[in-house]
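Down below is the structure, laid out as structure tokens.
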Number of protein chains: 2
Amino acid sequence: MGLTKTAIFTERQNKLAQMMKALAHPARIAILQHLVKAQVCICGDLVEELGLAQATISQHLKELKNAGLIQGTIDGTSVCYCIDPKVWNEYKVAIDAFFVSYVNKDGCC
Amino acid sequence: MGLTKTAIFTERQNKLAQMMKALAHPARIAILQHLVKAQVCICGDLVEELGLAQATISQHLKELKNAGLIQGTIDGTSVCYCIDPKVWNEYKVAIDAFFVSYVNKDGCC
DNA sequence: TTCTATTATCGTAATATTGCGATATAGTAT
DNA sequence: ATACTATATCGCAATATTACGATAATAGAA
């Protein structure tokens with residue numbers, strides 16, 4: 001049916017999956033990497049940097065904003081985007097905790 | 001068009017996005033968490049644990065297997081799944097590197 | 001062999017995502 | 001006001017994902 005059964009899973013599982021989803025596209029990875037590098041929040045240069053249409057970039061930016069990972073501040077006619085340090089860290093911690101939870105006891109099947 | 005333009009991005013970006021995609025579903029998170037907890041590789045108990053149909057679980061297991069995160073060994077009529085420690089670590093390292101790359105210089109917009 | 005149990009695959013329906021042209025919106029400049 | 005610039009949103013087409021019933025495939029038991 002194409003509809004994820006969120007009710008079945010724990011809130012943690014749903015949240016973690018949603019975090020991953022926000023990062024599950026190369027364009028969004030590229031946007032974030034660009035923001036990491038540029039620090040000084042750049043905006044629609046992304047349209048030139050990546051080879052995607054302005055509408056497409058805007059859509060990805062919206063998703064990243066919904067995910068909380070970036071903030072946008074209006075600066076004249078343009079919009080200045082930057083990473084939200086707090087949310088970025090939340091992601092980092094949550095995802096790291098997931099990966100750390102597994103310790104290889106080497107006894108597989 | 002619904003087709004991700006992989007050619008535009010670097011291999012690293014595509015790989016990282018694909019890693020995230022493999023984990024971007026609560027059922028797959030749940031499956032992995034169960035395997036982490038059980039260690040002693042359990043198989044289709046997952047169908048009972050999670051409230052999803054057998055066909056659905058099998059499909060998610062296939063995706064995790066394609067992602068390299070899990071291995072399946074035939075054990076009688078059932079299949080014994082377990083986490084692949086090597087690939088798990090690769091994911092951990094790659095994703096951690098992504099998150100570590102950002103250091104908040106606090107000068108946002 | 002026949003029956004049973006377990007897992008994989010197929011086919012299909014419902015929904016989600018991706019990408020972009022066209023258009024709207026908002027700010028600035030003339 | 002008009003013109004220009006930069007973003008956002010709308011609407012659509014193409015493709016992907018999710019879920020599951022039905023069916024196949026495989027291994028062991030009777």
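State in Å² the accessible area per residue of region A:11-93; use a 1.4 Å probe, count heavy atoms of protein chains only, and round to the nearest integer.
53
Say the cut-off is 21 Å between C-alpha atoms; which of A:Lys92/B:Lys21; A:Lys15/A:Lys86; A:Lys5/A:Lys86; A:Lys62/B:Lys92; B:Lys5/B:Lys92; A:Lys105/B:Lys15 go over it?
Violating the 21 Å Cα-Cα cut-off are A:Lys5/A:Lys86; A:Lys62/B:Lys92; B:Lys5/B:Lys92; A:Lys105/B:Lys15.
Give the calculated FRET efficiency between B:Glu11 and A:Asp96 to the nearest 0.05, with a Förster radius of 35 Å applied to their Cβ-Cβ distance.
Computed FRET efficiency for B:Glu11 and A:Asp96: 0.90.
For A:Thr4, which inter-copy label distances result when the label point lies 7 Å beyond Cα on the Cα-to-Cβ vector, reported in nm to one decimal and in ascending order?
Here A:Thr4 shows inter-copy label distances of 1.4 nm.
Using a 7 Å offset from Cα along Cα-Cβ at A:Ser78, what residues in region A:32-64 end up with backbone N under 11 Å from the label point?
Within reach of a label on A:Ser78, which here means backbone N under 11 Å from a point 7 Å along Cα→Cβ, region A:32-64 contributes A:41-48.
Which percent of the accessible area of chain B is formed by carbon and sulfur heavy atoms (probe 1.4 angstrom)?
52
Under the Kirkwood approximation for Rh and a Cα-based Rg, what ratio Rg/Rh is obtained for the protein assembly as shown?
Using only Cα positions, Rg/Rh for the protein assembly as shown is 1.01.
With θ set to phi - 60°, apply the Karplus curve 6.51 cos²θ - 1.76 cosθ + 1.60 along region B:100-105 and write out the HN-Hα couplings as whole Hz, x wherever there is a Gly or Pro.
6, 4, 9, 10, 5, 8
For A:Thr56 and B:Asp45, FRET efficiency with R0 = 41 Å and r from the beta-carbon atoms, rounded to 0.05?
With a Förster radius of 41 Å, E is 0.45.
Would you check the accessible area of A:Thr6, probe 1.4 Å, heavy atoms only, in square angstrom rounded to 10?
For A:Thr6, the solvent-accessible surface is approximately 80 Å².
Between chains A and B, what is the buried accessible area summed over both chains (1.4 Å probe, protein heavy atoms, nearest 100 Å²)?
For A against B, buried area totals roughly 4200 Å².
Show me, for region A:51-59, the HN-Hα J-couplings you get by feeding each phi into the Karplus relation (A = 6.51, B = -1.76, C = 1.60, θ = phi - 60°), rounded to Hz, glycine and proline as x.
Per-residue couplings from phi come out as x, 10, 5, 4, 5, 5, 4, 4, 5 Hz.
Send over the per residue convex hull volume for region B:10-96, Cα only, as a whole number of Å³.
Taking the convex hull of the Cα positions in region B:10-96, it is 94 Å³ per residue.
With every protein chain left in place, what is the accessible area of A:Val100 in Å² (1.4 Å probe, nearest 10)?
Around 80 Å² of this residue is reachable by solvent.
The values are calculated or read from the model by the stated rules, or taken from the named source; none is laboratory data. Since we're looking at a predicted model, the values are computed, not measured. Using ideal geometry, Cβ is built from the backbone for each residue, glycine included, and neighbour counts are taken over all protein chains shown. Surface accessibility is based on the protein's heavy atoms, side chains included, excluding ligands, DNA and RNA. Shrake-Rupley method; radii C 1.70, N 1.55, O 1.52, S 1.80 Å.
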